[in-house]
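The values are calculated or read from the model by the stated rules, or taken from the named source; none is laboratory data. Please read all numbers here as calculations on a predicted model, not as lab measurements. Counting neighbours? That spans all protein chains shown, and the Cβs are built from the backbone with ideal geometry, glycine included. Surface areas here come from the heavy atoms of the whole protein model, side chains and all, with no ligands, DNA or RNA. Shrake-Rupley method; radii C 1.70, N 1.55, O 1.52, S 1.80 Å.
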Amino acid sequence: MLKKGSNYNLILVMIVAIVAIIALYLMSTNSKSSSINTATITGNGVLGGPNLGASGVLKCGVNTCTGGTTCNVVTNKCEKMADAKVKCAKDSECVYAGYFCEKTGTLQNIGNKMEIIKYCVKGCNVNNDCANGMQCNTKTNKCVEECKDPDGEDITKKSTTKGLITPSFDKHIELTDECLSENTVDERICSIAVTDNNLKSVSTKPLKCPTGTTCSNGACVESCTDADNGKDYFKASTAKLGKNGAKNTDSCNEKGELTESYCENNKIKTELKKCPAGCKDGACVIPKCTDSDVTTKNDPYSDGETYGLDDLYYINYGLGGGVTMLNKELLTLQTISDKCDTVNNKITEYFCNGKINYGDMITVSCPTNTLCLKEANACIPKCSETDTKDQNVAGTAIGYFLSSNKTETKSDVCDGNKLIEYTCLADGSKMEQKPAVTCPYGCKNGACLPICKDTDNTGRGENDWINEEFLLYSEATYINLFKAGTASGPNQIGKIITTTDKCVGTTLTEAYCDVKTNTVKTKTTTCEKGCASDGSCKPLPVEPKCLDSDKAAKNEKVGNVEYTLNQATYINSKTAGSAKEYGIDGKVTKEEKDACDGTKIKEAYCDIATKKTKTITYACSTGTCKVIDGKGVCA
């Protein structure tokens, strides 16, 4: 019994000792936990700092505990977590920050009964589970970035809002306030997204700027307004900010320069400008538009409408000119000239529009019988002349004269014995001065004196009266008493006259040309058979005759050989000719031409006794015989 009792007592003592040891251990553990808790919470809700509750009691939170401890949100103490899994039925049973009750759990056999067991696992369920600057996404049970808007929808400030644009996908974005229009700001804000567990995410909100303000650089600021809507140097105005803000009015200085006030980037700015026509009352003076080629309404080249600065002036298509007006962009006076379209015969006319005191333009076709000349930049009448380039007729040309570059009227003039003639170009566009030409018979009254012409000469040679023929002298031209005609040409004082043959009774006044003086003359003779009705002599009976076209005053070699009808003329070897026999009908019955016999000349002549043709062959006194135009001649 004693032995047995002694063993029993020993066991009891041992049990008491073990219990005491466990108690001491627990006390030691609690003491250490308390020591850790007070030592590590030293900040303001962040790692290492104090977290004061409403009652002023120190509280712990996520990432506030150190030394391997975790915040117990129930006791607000940093504790070491047990290694064993903590079972739970709801989130509140997970007392450690950063843990929540898992949603699904696992099926387990508990006391022969299958139950779904859940455990506390790492993650968040409420924002208290997340560190400062984070928020809990209860769909994913993850802490995500909080949305931050520095200006809190203050449209007068520009700020950048940072956060998630779609919290469920953890997409970070940064958006800065900006202007949608002059009076609307696109404010970037943090808004609660109901579809994303009421998390705050970055979004936009268009907001109207208050009256008197405008959106500039992402914020509503006092509006800058300018009555002339910018840089209008010809209109005085005031640029100002808002209703009662700063303002600046356009002004002129003593140099005639303009200080122009305007708005730029919603700020008042100024610019100094030199006015082309002076400055007055805070604006540049607009210079008067001038047109150098205006005309009157009755001008044939006027369009018949008033375009000038008053009712006296009209567009002038017939004179090249242009307008001088203000170039508002360059702030200078600018001259624009009329311009021709020669291909389509159109003129682009620049003129002053009196209604706006500014340059205007119109393009029209040139009037009939005018041409648009690029040299004139105007519609110019086609050139015309009265003498059709006849040097023997004094004329006048009217057209655009190249030498002076203007339309002129020019008459042909004489310069001594030379003629200066004005003519039109072939296309009728312009007038030109022809080079001076020497007139063979002299120049008078703007024309070369023409060669005298007699309509009834016979075309054969003689230098005195012989029955029906008379040679003027060296040319083969004869007076024809038996045919009425007219002699035209200059008289002895240079006047161009026309004289017609006249026959009265038996007296014929024959008009003819004196070739030596190139003048019209008359000679009176008696008609043997009286006057014919046409003003000529009645014809005489026709007799056979022989005529030599190249008879001369001297012979070459064979001595005097008289073969003409009434006077001594001689064979002429230095002029090619022919001898012709005529029948009683006046027609040629035989012709003998001068020819060559080797180097000798075979001269044809008339035998005056027989009125027949003959030839004589002899050596040329100079040169040798050559055939020219089918006839022989010494050359």
- Residue that is surrounded by the fewest Cβ atoms within 10 Å (Cβ to Cβ), among those in region 323-338 that are touching a residue at least 40 places away in the same chain (Cβ under 8 Å) and in a strand (DSSP E or B): Thr332
- Sole miss for Lys148 among (1) more than 55 Å from the chain's Cα centre (by Cα); (2) at pLDDT below 90; (3) surrounded by fewer than 21 Cβ atoms within 10 Å (Cβ to Cβ); (4) closer than 24 Å to Cys124 by Cα is condition (2)
- Message: Here is a check on your reading of the model: is Lys406 within 23 Å of Gly320 (Cα to Cα) and buried (at least 20 other Cβ atoms within 10 Å of the Cβ)?
- Response: no
- Item | Cross-chain or 6+ apart pairs with Cβ under 7 Å, region 499-518 first and farther than 17 Å from Asn457 by Cβ and among the hydroxyl-bearing types (Ser, Thr, Tyr), then open to solvent by less than 70 Å² (accessible area, probe 1.4 Å) and modelled with pLDDT under 95 | Thr506/Cys527; Thr506/Gly530; Thr506/Cys531
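Residues that are open to solvent by 60 Å² or more (accessible area, probe 1.4 Å): which strands (runs of 3 or more DSSP E) entirely in region 166-266 hold 2 or more of them? Even if it seems obvious, please write down each step before you answer.
Details: elements: 171-176, 178-181, 184-193, 199-208, 213-216, 219-222, 224-226, 238-241, 247-249, 257-264.
By residue number, 171-176, 178-181, 199-208, 247-249.
Just to be sure I understand, how many residues within region 339-376 are more than 24 Å from Tyr400 (Cα to Cα) and without any contact (Cβ under 8 Å) to a residue 12 or more places away in the chain? Talk me through it step by step, then tell me what you get.
Initially, region 339-376 is screened for residues more than 24 Å from Tyr400 (Cα to Cα), giving 352-361.
Okay, now just the ones that are also without any contact (Cβ under 8 Å) to a residue 12 or more places away in the chain, so 355-356.
Looking only at that region, the number is 2.
Return the residues of region 554-588 that are at pLDDT 65 or above and open to solvent by 90 Å² or more (accessible area, probe 1.4 Å); say none if nothing qualifies. Show your work before the answer.
We begin by selecting, within region 554-588, every residue at pLDDT 65 or above; these are 571-584, 586-588.
Within region 554-588, Lys574, Ile584, Lys587 meet the criteria.
Looking only at region 501-521, filter to residues that are assigned to a loop (DSSP other than H, G, I, E, B) and at pLDDT below 90; which one of those is most open to solvent (accessible area, probe 1.4 Å)?
So the residue we want is Lys516.
Condition check ((1) in contact with a Gly (Cβ under 9 Å, 6 or more places away or on another chain); (2) acidic (Asp, Glu)) across all residues:
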| site | (1), (2) |
| --- | --- |
| Leu319 | no, no |
| Leu333 | no, no |
| Cys340 | yes, no |
| Lys382 | yes, no |
| Gln391 | no, no |
| Asp412 | yes, yes |
- Query: Out of all the residues in region 475-500, which are within 9 Å of Asp454 (Cβ to Cβ) and in a loop (DSSP other than H, G, I, E, B)?
  - Reply: Thr477, Ile479, Asn480, Gly485
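Listed residues Thr599, Thr615; which is surrounded by fewer than 17 Cβ atoms within 10 Å (Cβ to Cβ) and touching an Asp or Glu at 6+ places or on another chain (Cβ under 7 Å)?
On the way: Thr599 fails: touching an Asp or Glu at 6+ places or on another chain (Cβ under 7 Å).
From the options Thr599, Thr615, the qualifying one is Thr615.
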